[in-house]
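The structure appears right after this line, and notes come after that.
The values are calculated or read from the model by the stated rules, or taken from the named source; none is laboratory data. Fair warning: this is a prediction, and the values are worked out from it, not measured in the lab. With ideal geometry, Cβ positions are generated from the backbone for all residues, glycine too; neighbour counts draw on all protein chains shown. Please note that ligands, DNA and RNA were not included when accessible areas were found on the heavy atoms of the full protein model with its side chains. Shrake-Rupley method; radii C 1.70, N 1.55, O 1.52, S 1.80 Å.
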Amino acid sequence: MKRAMLRDLLAHKGRVAMTLVAITLGVAFVVATWVVSDSAAATSRGEGVRGDVGVSVRIADGAPELTVADKDRLAAIAGVASASGSVTGYAGVVGANGKLVRARPDKAGTGWDSSERFVLKDGRAPGKDEVALAEPQAREAGRKVGDRTRILLADGRSVDMVVAGLFTYRSLGEPDPVVAFGDPGVLGDSYARVELTARPGANVDTIASTARGLFDHATRTVDTGADLAAQARARADESARSSREGLLGFAAVSLLAGMFVIANTFAMLVTQRTRQLALLRAIGATRRQVRRAVLVEAGALGFVGSTLGAIVGIGLGLLGLVVNAPEGTSISLTITPTGILIGYAAGVLVTMISAYASARRAAAVPPVAALRADGSFAPRSLRVRSVAGLVTAAAGVVAIALTLRNDLSTTERIVNMGGGIAIWLGVLLLAPALADAVLRPVGRLLSRRGGPAARLGIRNSVRDSRRTAATTSSLVVGLALVCAFATLGSSITSMLASSIRATVPAAATVVTAPVDRVALGTDVLGKVKSVPGVDVVSADRYAFVKVTHNGSTSPTTMSAIEPDGVVRPEILEGTGDVRRGAVVGENEAAMIGARVGDEVTLVLDPATSITTTIVGLHKGMEGRPLFYVDVATVPAKFRDGAVTTVYATGADPAAVRAGIAAAFQDRPDVVVTDREGVIAEATESFELLMALMYALFGAAIVIAAFGVVNTLALSVMERTREIGVLRAVGAGRTLVRRAIRAESVVICSYGGVLGILVGVGFGAVMQHAMMGQSLWEFSVPYGIIAAALAGMVVVGVLAALWPARRAARTDVLAAITTA
Amino acid sequence: MCRAAGSGTVYGVRTSTNSPAVHGRDLSKVYGSGSSGDVRVVALDDVTVTFPRERFTAIMGPSGSGKSTLLHCLAGLDQPTSGQVFIGDTETSSLSDAQLTALRRDRVGFVFQAFNLLPTLTAWENIVLPLDLAGRRPDQAFADAVIDGVGLRHRLGHKPNQLSGGQQQRVACARALITKPEVVFADEPTGALDSKSSADVLGFLRRSVDHLGQTVVMVTHEPSAAAYADQVLFLADGRVVGELAAPTAERVLDRMKDLETAVAR
Ligand SMILES: Nc1ncnc2c1ncn2[C@@H]1O[C@H](COP(=O)(O)OP(=O)(O)OP(=O)(O)O)[C@@H](O)[C@H]1O
Ligand SMILES: [Mg+2]
């Protein structure tokens, strides 16, 4: 029995190969994801932690810095070999465009020393009047070793220095500096941190406790280097874990796509062997034996495929690491047994599960099927599946219909999203019935126009709608994800843009810092006011705060603004007059369950909070201030030192703009722009994130494309006889090739259209649930849709290349003489 | 390919005057090289055959005698090891694959033992497939004659899996005839049919010769099927070993018995 099956399997190497390809791909993507995240974790751990610090003394946030005298006192502790102070201060690298690079400049400056915290990547240690720059920021600023660069210091001073070297930083918890001065005196002579090394044999814990005794606990923190290193390592692990979790989401999507491909391939493999299986049954094999044989075969195939997949996956992972690693950084390839085991589990289990349904069908093959001429199953009824699909989709529609309002609570939002997912599942279940319902009429229409090749191809694409649906399922999953996120993304960017357009007048000149959310210098507001021609000036004071309402606290954002300023939030309900209280984003109000008239407390910092009444709701959204309050109600500390953006208008907007631009011409820390500039800035980083998403979901589409190749190739093998007849009655090779191509394009386009529809719909639901916008107010990502459609046609053509060639090469005589 | 006007046949079937429909000269087909363990099989051994126009010829012979091989070589599906095949005036060994394809499409019809039809096409679409492939429209009068001849008018919209084996074979016959080919080759067209269905198919082939002026060459094992033909050609061991005009089932059976005893000896 086993031998018969094995022989049979070996006799159809092509089919086996295609199944293996499907399993290999699915497993490879899972293993690759694991390898990438493991290696990323190991890389950050390997570089990030140093062991040359015995004890570290740091100042608390906002506390006065350590003095040279403090350092000397620390150096005098018994057992201390050396004490070195780290000067920290404001330092902004000015790029080629005259503006600061995008790293927070507040604590970006430090003094160079020979400790292990700097890893020199290029050049040499900086001398006097020289600096070393952190590698990524040097790249952003376009500076190389030997270049001169301007560095902005605190109080607007700036220095010109030669870049002596480039470094990467190994932090023990402090923020990574960007500029290391050869002469730390540039930044001052007090220290944010003093690091002690211990004499051989000295006890660091004793040193630490002695050091603790020297200072006030509230303003100085003392830790051993070992403790800090352990914390840093834990943070690296944590970040690796969360990045792995992110990546695994994508791997799960690839695996899902792979599952569809494996299941479909296996179903085809069994279908094609109906006759052999029936023959086995006819000569006395029991159902159980047939079922077990198919399952054993699946397990074996799954094992071999997983092994190949693990190898390919490690290769893919390595490739991904090499491609993505910044130049010059070394990567450590780490392969953990967990990743490989999960790959195997996925491969073998998915194959066995996919095979189980096929095995049952195989066992149910009646022995007479061996005698039946066409040797295939009668088409199974789609009724159960379609009814299940309809019910699921209908439940989804109901869930969404019940949650159409914009001010949804968190639970309602989850119900809404659940509805979207249910519709998606419903569509997957309905896919075969839909294929029948859509492709047949479309096929009839196209057939009338196209030649015989198109006609034959289209007919073939609908001959087994279950198979067509299964083939397209992975395409639908991949494309729908891409389109859903594209819809969400374009909805968010267009909402952001329209929200900014509604609050900021087109004529306003906008003054901000080049670094996101960094406060402007205290002089900026006054300087703008004094520019001739400027009539109205107001400012945003954007801050991350906490809001307490009805006893529950959640993080939010706020801005203290001048009443009657340039910025006017778009009011949906109540008033926009901040003199009377807080104006809150509608969505945010719904999230915290607050209405107009409710009292809320904004917690600015542990010591400062303001309690106010909600007087109006505005249309703002995440990424823009959610709470607007009167600047007069916040303490001075959050007023002048907290200005993030200044808006100015005047009778002649162009003159205002030119005047302000001139006033800040030599200020690398100030950017003068307008409303469109603000919009571009707000949407840019978001679009980058989206592009990354597309790339990751692309893996699912690649697998799906292989799935199409697989189906076509197996179909071609299955139809050898038919193709033989077609060739015998006079179809040329070109026609055969075209027919297969037409079939492939039809299958891919169907998957593409379905995926796009589902994706855009799901994207609309996501933006409704997440942003509290109306369900219908989504914006359609036309660019992505056009690209997806064109891409599907290309995938269709490419996927058909090999199967079509194979089909065209069919040996007519062999095809018609062997049944 | 130049074809002169027909020789007075019904519905103007195109024929080349004078030349026979099919002529095979000194045909040999050898499988295997005969070297190192590779068994050399002579399937056809210097066969010369001529099939005149508007005649129904049956080819008979024991299993393995080379009947199918002969048919494949004549039809341009296979190349003989040596010898020449003429379909009308056209010598086929010099044709390219594309030319052979066009020849099969336009000038030759086929009926195989089974699996003749494309499962995705309806009966009508299967019948007109060769015309469709050539980008031609069917000659409606002729198509009607063919369809009525096979008696399938009420079944034209059905897919092959909705037709009985006999009906499928009749559709295949109709497809073979629709292009008004110079010759229709049929390899055991009734091999998988019961006697009633066989009679339908054979009757149709007979009528296509009588009324539509077609030429049919059919391989068969059944003396009763051979009895529908105008003449029977007997093959044994890859050689033509006899001929019988105006066959009846009994006379064919007798000859077959003779042949078998001759081969056994
Ligand atoms: N591809 C091949 N390779 C080797 N030998 C072959 C091949 N095809 C046919 N033969 C041999 O050639 C001889 C003639 O075969 P052919 O199929 O023409 O016989 P046939 O008369 O049609 O028999 P049947 O009545 O059983 O169909 C047989 O001995 C067969 O074994
Ligand atoms: Mg034969």
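Data table
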quantity: Residue-level accessible surface for A:I610, protein heavy atoms, 1.4 Å, Å²; calculated: 20
quantity: Summed buried accessible area for B+A [probe radius 1.4 Å, Å², rounded to 100]; calculated: 2200
quantity: Whole-number percent relative contact order across chain A, with pairs defined as alpha carbons under 8 Å at least 6 apart; calculated: 16
quantity: Residue-averaged beta-carbon neighbours from other chains (10 angstrom radius) around B:70-82; calculated: 2
quantity: Folded to 0 to 90 degrees: helix A:465-503 orientation relative to chain A principal axis, Cα; calculated: 20
quantity: Inter-part distance where region B:103-117 and region A:723-753 are each reduced to a Cα centre, Å; calculated: 20
quantity: 0 to 90° range, to nearest 10: angle between helix A:13-48 axis and chain A longest Cα axis; calculated: 10
quantity: Residue-normalised accessible area of region A:514-669, given per residue in Å² at a 1.4 Å probe; calculated: 43
quantity: Paramagnetic reach from A:A607 in region A:546-567 [backbone N under 16 Å; point 7 Å along Cα→Cβ]; calculated: none
quantity: Mean Cβ count within 10 Å, highest first, over the residues of peptides B:75-87, B:176-188; calculated: B:176-188, B:75-87
quantity: Cα centroid of region A:112-127 to Cα centroid of region A:245-269, whole Å; calculated: 48
quantity: Sites B:R137 and A:D564 - FRET efficiency at Förster radius 56 Å, r taken between beta-carbons, to 0.05; calculated: 0.10
quantity: Within 10 Å of each Cβ in B:111-123, the average number of Cβ atoms from other chains; calculated: 5
quantity: Complex-versus-alone comparison for region A:438-469, residues with a loss of 40 Å² or more in accessible area, probe 1.4 Å; calculated: A:P452, A:L456, A:R459
quantity: Accessible surface, per residue, of region A:196-250 when the full set of protein chains is kept, probe 1.4 Å, Å²; calculated: 55
quantity: Backbone HN-Hα couplings from phi across region A:734-740 [Karplus 6.51/-1.76/1.60, Hz, Gly and Pro as x]; calculated: 4, 5, 4, 4, 5, 4, 5
quantity: Euclidean distance between Cα centres, region A:552-621 to region A:392-457, Å; calculated: 40
quantity: Prolate/oblate/rounded label for region B:52-123 (Cα gyration tensor, a/c 1.5); calculated: oblate
quantity: Average beta carbon contacts from partner chains per residue of A:713-725, 10 Å cutoff; calculated: 2
quantity: Signed unit charges on C-beta, dipole axis of region A:55-224, positive-most listed residue A:V179, A:A75, A:T210; calculated: A:V179
quantity: q = 0.06, 0.08, 0.09 Å⁻¹, the protein assembly as shown: log10 I(q)/I(0) [Debye, one scatterer per Cα]; calculated: -0.68, -0.95, -1.10
quantity: Accessible-area value, A:M591, 1.4 Å probe, nucleic acids and ligands omitted, Å²; calculated: 90
quantity: Two-site FRET efficiency, A:V391 against A:K546, from Cβ-Cβ distance with R₀ of 41 Å, rounded to 0.05; calculated: 0.40
quantity: Dipole magnitude of region A:514-669, debye to nearest 20 (Cβ charges: Lys/Arg +1, Asp/Glu -1, about Cα centre); calculated: 160
quantity: Farthest toward positive dipole pole in region A:55-224 [+1 Lys/Arg, -1 Asp/Glu at C-beta], among A:Y90, A:V145, A:M161; calculated: A:V145
quantity: Residues whose placed amide H lies under 5 Å from that of A:D122, excluding near-sequence neighbours; calculated: A:L166
quantity: CD proxy at 222 nm, helix term only [per DSSP H run n ≥ 4: -39500 (n - 2.57); per residue of the protein assembly as shown; nearest 500]; calculated: -17000 deg cm²/dmol
quantity: Highest-fluctuation residue, B:S197, B:S33, B:S94 considered, GNM on chain B with Cα pairs under 10 Å; calculated: B:S33
quantity: Rounded to the nearest 20 debye, dipole of the protein assembly as shown from Cβ charges on Lys, Arg, Asp, Glu; calculated: 4400
quantity: Charge dipole (debye, nearest 20) of chain B; +1 at Cβ of Lys and Arg, -1 at Cβ of Asp and Glu; calculated: 540
quantity: Listed residue (B:S198, A:L789, A:F706) projecting farthest to the positive dipole end of the protein assembly as shown, Cβ model; calculated: B:S198
quantity: Rounded if a/c under 1.5, otherwise prolate or oblate - region A:55-224, Cα gyration tensor axes; calculated: prolate
quantity: Helix axis angle, A:287-324 relative to chain A longest principal axis, alpha carbon, degrees; calculated: 30
quantity: Cα-based shape type of region A:768-819, given that a ≥ b ≥ c are square roots of the gyration tensor eigenvalues and the cut on a/c is 1.5; calculated: prolate
quantity: Largest-first principal axis extents of the Cα set of region A:433-547 (Å); calculated: 78, 35, 23
quantity: Inter-probe distance in nm under a simple model that places probes 7 Å from Cα toward Cβ, at A:E599 and A:S554; calculated: 2.1
quantity: Sequence ranges A:762-774, A:741-753, ranked by mean other-Cβ count within 10 angstrom, highest first; calculated: A:741-753, A:762-774
quantity: Surface share of carbon and sulfur [accessible, 1.4 angstrom probe, percent] for the protein assembly as shown; calculated: 58
quantity: Base-10 log of normalised Debye intensity for region B:176-258 (one unit scatterer per alpha-carbon) at q = 0.14, 0.18, 0.20 Å⁻¹; calculated: -0.48, -0.79, -0.96
